[in-house]
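Attaching a single structure in structure tokens format; questions to follow.
The values are calculated or read from the model by the stated rules, or taken from the named source; none is laboratory data. Small disclaimer: the values here were computed from a predicted structure and weren't measured. Please note: Cβ atoms are built from the backbone with ideal geometry, for glycine as well, and neighbour counts cover all protein chains shown. Keep in mind that these areas ignore ligands, DNA and RNA; they rest on the heavy atoms of the full protein, side chains included. Shrake-Rupley method; radii C 1.70, N 1.55, O 1.52, S 1.80 Å.
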Amino acid sequence: MIHLKTDQEIEILRENNLLVSRTLAEVGKNIRPGVTTRELNRIAEEFIRANGAEPAFLGYQGYPASVCISVNEQVVHGIPGDRVINEGDIVSVDVGTFLKGFVGDSAYTFAVGEVSTEARRLLEVTKEALYKGTAQAKVGNRVGDISAAVQEYAESNGYGVVRELVGHGLGRKMHESPEVPNFGARGRGPLLKEGMVICIEPMINMGTKAVVFERDGWTVRTKDRKPSAHFEFAVAIRRDGPDVLTDFNIIEQALNTK
Ligand code: MF3
Ligand code: CO
């Protein structure tokens, strides 16, 4: 069942996803060679709590940390720990908040210092794939219109689209209906209605689309160990078009003044 949100509920979801965006900016400012992913998790958790919210991921189905940090060949759900960030890495940070009965969930992939031209292009294409999908998030379209837009853009750039993990509805729960795959056919899937709030989150691999689930029970990595990128928006479907509740400008402005 798909929960439609009132305007007031959408504003609480916006509050959540703006806090997620500000948390991502805070983490991004602190990503530098030598920092551990554990330290980045601590910074995020303190920032979330200092702003009166709770980390939505902590304890979710037993997840042991407040954020997911996935480096290079790691696709998503990397558990923060001893891993040290290096120059040239790409680092996906996925943050969730719980505030006023609703959940925020968004992700950004950061470049650490000088990264290879190929990695830079992977980040740009993955973010653009998210924008192409978001443009389809409007009343009267179907989920497949979003999925196909993401898939076509990523694959036409020669990349692999991960199949095993998908976007989702967002509300009082982190994962609500409908599922929002990053692959599919135009005109298929659930109809998009006013008041739906969804997370669109392309996971795009530089090489093959195949992934492996690590034995820690969480981390997903590419089978060929080539890099992967992940960007995630929370988007409300409004009468006048997609209303993006996440704000990447906050993140990108923080990086420019780093
Ligand atoms: N953003 C992730 C998702 O949409 C949530 C991380 S899963 C958790 O699936 F277990 F870490 F919470
Ligand atoms: Co999500």
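Contact list please: Cβ distance under 7 Å, first residue in the stretch 95-108 and open to solvent by 10 Å² or more (accessible area, probe 1.4 Å), second residue in a loop (DSSP other than H, G, I, E, B) and more than 14 Å from ligand 2 (Cβ to nearest atom), pairs at least six apart or on different chains.
98/53; 99/52; 99/53; 101/172
Okay, residues lined up against (1) aliphatic (A, V, I, L, M); (2) within 10 Å of ligand 1 (Cβ to nearest atom):
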| position | (1), (2) |
| --- | --- |
| 64 | no, yes |
| 72 | no, no |
| 75 | yes, no |
| 81 | no, no |
| 97 | no, no |
| 106 | no, yes |
| 151 | no, no |
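Which members of the stretch 133-148 meet the condition of being open to solvent by less than 10 Å² (accessible area, probe 1.4 Å) and of a type in the set (A, V, I, L, M, F, W, C)?
137, 143, 146, 148
Hey, among 172, 186, 239, which residue is more than 15 Å from the chain's Cα centre (by Cα), more than 23 Å from residue 70 (Cβ to Cβ), surrounded by fewer than 23 Cβ atoms within 10 Å (Cβ to Cβ) and within 16 Å of ligand 1 (Cβ to nearest atom)?
172
Does residue 214 fit the bill of being farther than 13 Å from residue 136 by Cα, open to solvent by less than 30 Å² (accessible area, probe 1.4 Å) and of a type in the set (Asp, Glu)?
So residue 214 does not fit the description; no.
Return a yes/no flag: does the stretch 166-185 have any residue that is aromatic (Phe, Trp, Tyr) and touching a His at 6+ places or on another chain (Cβ under 7 Å).
no
For residue 160, indicate whether it is under 29 Å from residue 98 (Cα atoms) and open to solvent by less than 30 Å² (accessible area, probe 1.4 Å).
No, not satisfied.
Can I ask one more? Out of all the residues in the stretch 57-79, which are over 14 Å from residue 225 (Cα atoms) and open to solvent by 20 Å² or more (accessible area, probe 1.4 Å)?
Once the filter is applied, which keeps residues that are over 14 Å from residue 225 (Cα atoms) and open to solvent by 20 Å² or more (accessible area, probe 1.4 Å), the stretch 57-79 yields 58, 59, 60, 61, 62, 64, 77, 79.
Picking from 96, 113, 144, which residue would you name as being at pLDDT 95 or above, in contact with a Lys or Arg (Cβ under 9 Å, 6 or more places away or on another chain), among the small types (Gly, Ala, Ser) and not in a loop (DSSP other than H, G, I, E, B)?
Just one listed residue meets the conditions, 144.
Just need a number here: residues in the stretch 242-252 that are exposed (fewer than 12 other Cβ atoms within 10 Å of the Cβ) and in contact (Cβ under 8 Å) with a residue 24 or more places away in the chain.
Count: 0.
What is the number of the single condition among (1) open to solvent by 10 Å² or more (accessible area, probe 1.4 Å); (2) over 25 Å from residue 234 (Cβ atoms); (3) in contact (Cβ under 8 Å) with a residue 60 or more places away in the chain that residue 112 does not meet?
(1)
Checking residue 181 against (1) crowded, with 19+ Cβ neighbours inside 10 Å; (2) at negative phi; (3) more than 16 Å from ligand 2 (Cβ to nearest atom), which single condition isn't satisfied?
Of (1) crowded, with 19+ Cβ neighbours inside 10 Å; (2) at negative phi; (3) more than 16 Å from ligand 2 (Cβ to nearest atom), only one is false for residue 181: (3).
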